[in-house]
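Undergrad: Just passing along the structure, written as structure tokens.
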Amino acid sequence: MKFSIKLVLSTMIVLALALGFSGFYFVNYVFETSLDREVGQALDESSILSFAFETAALNVPLKYSVLPDSVVEEIASKLEMGGQGGGRLLRIADEEKNVLYTSSGFTSDEGLLPQTDLHTKSYRVIRVQGGFYVHTCVAINTLNRMLYLETMKDVTGVFTERALGFSLYRKVTVVILLAGIVIMLFIASLLTKPIRLLTKATRKMAAGDYTYRARQVSRDELGQLTGDFNRMANALEENICKLEEEIEAREEFMGAFAHELKTPLTAIIGYADMLRSHKLDEEKSIMSANYIYTEGKRLEAMSFRLLDIIVAKQDEARLADAPVGELFAYLREMFAEKKETDIRFAYEEAVVRMEVNLIKTVLVNLIDNACKASENSGVTAEAVSGGRKGLVEVSGEMVDGGYRIAVRDYGIGIPEEEQAKIVKAFYMVDKSRARSKNGAGLGLALCAEILKIHHSGLQIESKEGEGSCFSFILALSGDMD
């Protein structure tokens with residue numbers, strides 16, 4: 001059952017119970033008020049009749065010391081005829097409670113007589129032949145006689161009005177409930193509209209449409225729920241996009257990995273087969289063995305780089321305070337024998353948070369790539385020192401947010417559309433040039449992973465034909481506490 005139908009039914013049940021109880025109370029209250037009024041009038045009329053009887057008895061000639069039964073009947077007949085509409089229903093009994101006079105139509109039993117004495121008045125509401133009457137009884141003491149006067153007042157109209165009231169109220173209740181159902185269906189439709197929109201959105205997303213969003217139509221709790229759902233959908237879409245990108249990256253990685261394996265393995269197998277199946281002279285044998293060795297070393301370097309990337313992704317580096325001076329001293333010594341490239345170092349002394357060996361790996365890769373990019377192209381150091389070598393600048397300086405280390409070359413540069421891809425494993429801008437240098441496109445991928453665990457990232461500034469600048473920022477000592 002739909003929630004809107006449940007809401008309408010529950011509201012109608014509560015409304016029906018409320019109308020039923022309130023209607024019963026209201027009609028019954030009116031009935032009891034009218035009946036009490038009629039009872040009061042009946043008692044008052046009984047008192048008036050008893051007073052009139054006593055007055056009439058006092059007018060009897062003095063020759064009677066005791067009021068005779070014939071006089072009682074005569075007085076009762078006159079009292080009966082003096083009522084509104086030409087008559088009253090009354091009955092008179094003597095001391096022994098024997099009936100002396102009864103009006104025509106007075107059909108009540110004698111159950112009220114035993115309850116009445118000189119000092120009390122009694123009454124009851126009775127039903128006689130489909131009608132309702134107020135039956136009263138009062139004692140009269142006159143001319144040495146104790147008489148009992150009973151009256152019957154017709155109150156059928158009060159009961160008829162109650163029946164009509166209940167009938168009318170039932171009809172009104174039915175009309176109100178029908179109108180209430182129509183109104184509540186409209187209200188329930190408005191109230192549950194956000195739920196229907198959310199349901200539609202969940203079905204769309206379940207079907208694979210992760211871009212669909214639920215329309216927010218209110219600012220209440222359901223509106224807030226819609227907003228939270230949309231935010232959850234945004235996060236879900238982002239995660240799915242990331243997963244899709246990761247899957248695509250893995251597929252590209254596997255394709256590139258298979259391709260990178262195929263090239264050296266083809267050379268190794270080919271030259272090994274040549275050595276095995278042909279008798280070669282010494283020069284050709286040395287050349288074949290050299291190809292096999294070179295390609296094998298390339299496979300070995302590639303495997304080590306892949307292992308380093310995997311370890312960098314899974315490892316949590318233990319960062320410690322270290323002076324940058326020691327880092328730059330290591331780099332200066334490391335590349336001291338690099339004769340074909342002029343490498344210049346300039347830095348500000350500072351203590352930074354890093355894992356020294358990992359940052360050394362990053363800088364060695366960046367400087368090595370800069371040297372390769374500077375060979376036989378770009379700006380040389382001739383304008384500065386008169387030499388013919390490529391120029392690479394390694395700098396370190398304090399900036400807002402930490403300590404920035406940059407490696408700049410003036411070589412071939414990187415096209416703008418390629419800059420976002422070069423940190424992917426096996427991606428190479430110039431594959432032939434990279435393979436000629438025994439590269440596999442893993443160095444920058446390794447650098448990116450190492451910088452991630454240092455809470456940093458590789459920033460690339462490059463222009464084709466003018467050179468590139470690779471930089472990253474490390475936290476100063478105490479900044480990460």
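Undergrad: May I ask you to list the residues in segment 442-460 that are in contact with a Gly (Cβ under 9 Å, 6 or more places away or on another chain) and open to solvent by 10 Å² or more (accessible area, probe 1.4 Å)?
TA: Answer for segment 442-460, where residues must be in contact with a Gly (Cβ under 9 Å, 6 or more places away or on another chain) and open to solvent by 10 Å² or more (accessible area, probe 1.4 Å): ALA448, SER456.
Undergrad: Between THR116, THR120, which is open to solvent by 40 Å² or more (accessible area, probe 1.4 Å), of a type in the set (Val, Ile, Thr) and farther than 30 Å from VAL27 by Cα?
TA: Of the residues listed, the single one that is open to solvent by 40 Å² or more (accessible area, probe 1.4 Å), of a type in the set (Val, Ile, Thr) and farther than 30 Å from VAL27 by Cα is THR120.
Undergrad: One residue is enough: does segment 240-262 have a residue meeting the conditions at pLDDT 80 or above, among the β-branched types (Val, Ile, Thr) and loosely packed, with under 11 Cβ neighbours inside 10 Å?
TA: Within segment 240-262, one or more residues are at pLDDT 80 or above, among the β-branched types (Val, Ile, Thr) and loosely packed, with under 11 Cβ neighbours inside 10 Å.
Undergrad: Now for a different question. If I filter segment 43-51 for residues that are at pLDDT 85 or above, in contact with a helix residue (DSSP H, G or I) (Cβ under 7 Å, 6 or more places away or on another chain) and under 19 Å from GLY157 (Cα atoms), do I get at least one hit?
TA: No: segment 43-51 contains no residue that is at pLDDT 85 or above, in contact with a helix residue (DSSP H, G or I) (Cβ under 7 Å, 6 or more places away or on another chain) and under 19 Å from GLY157 (Cα atoms).
Undergrad: Another question, if that's okay. Considering only segment 1-15, state which residues are open to solvent by 50 Å² or more (accessible area, probe 1.4 Å), part of a helix (DSSP H, G or I) and not basic (Lys, Arg).
TA: PHE3, ILE5, LEU9, SER10, ILE13, VAL14, LEU15
Undergrad: I've got another one for you. Among the residues of segment 204-219, is there at least one that is part of a helix (DSSP H, G or I), under 27 Å from CYS241 (Cα atoms), at pLDDT 85 or above and open to solvent by 60 Å² or more (accessible area, probe 1.4 Å)?
TA: Yes, segment 204-219 contains a residue that is part of a helix (DSSP H, G or I), under 27 Å from CYS241 (Cα atoms), at pLDDT 85 or above and open to solvent by 60 Å² or more (accessible area, probe 1.4 Å).
Undergrad: Suppose the filter is within 16 Å of TYR148 (Cα to Cα), open to solvent by 70 Å² or more (accessible area, probe 1.4 Å) and at pLDDT below 90; does SER65 pass it?
TA: No.
Undergrad: Could you check, for segment 24-37, whether at least one of its residues is more than 55 Å from the chain's Cα centre (by Cα) and surrounded by 14 or more Cβ atoms within 10 Å (Cβ to Cβ)?
TA: Checked segment 24-37: at least one residue is more than 55 Å from the chain's Cα centre (by Cα) and surrounded by 14 or more Cβ atoms within 10 Å (Cβ to Cβ).
Undergrad: Shifting gears a bit: Need pairs with beta-carbon distance below 6 Å; first residue closer than 18 Å to VAL394 by Cβ and within segment 452-471, second among the basic types (Lys, Arg) and surrounded by 14 or more Cβ atoms within 10 Å (Cβ to Cβ); sequence gap 6+ or separate chains.
TA: Hits for this filter: CYS469/ARG408; SER471/ARG404.
Undergrad: Which number in (1) open to solvent by less than 40 Å² (accessible area, probe 1.4 Å); (2) small (Gly, Ala, Ser); (3) over 17 Å from SER77 (Cα atoms) marks the one condition that ALA18 misses?
TA: Going through (1) open to solvent by less than 40 Å² (accessible area, probe 1.4 Å); (2) small (Gly, Ala, Ser); (3) over 17 Å from SER77 (Cα atoms) one by one, ALA18 breaks only (1).
Undergrad: Going through segment 123-163 one residue at a time, which ones are open to solvent by less than 30 Å² (accessible area, probe 1.4 Å), of a type in the set (Val, Ile, Thr), within 28 Å of PHE31 (Cβ to Cβ) and in contact with a helix residue (DSSP H, G or I) (Cβ under 9 Å, 6 or more places away or on another chain)?
TA: Within segment 123-163, VAL134, THR136, VAL138, THR151, VAL155, VAL158 meet the criteria.
The values are calculated or read from the model by the stated rules, or taken from the named source; none is laboratory data. Just so it is clear, the structure is predicted and the values come from calculations on it, not from any experiment. No Cβ is skipped: glycine too gets one built from the backbone with ideal geometry, and neighbour counts run over all protein chains shown. To get the accessible areas, we keep the full protein, side chains included, count just its heavy atoms, and leave off ligands, DNA and RNA. Shrake-Rupley method; radii C 1.70, N 1.55, O 1.52, S 1.80 Å.
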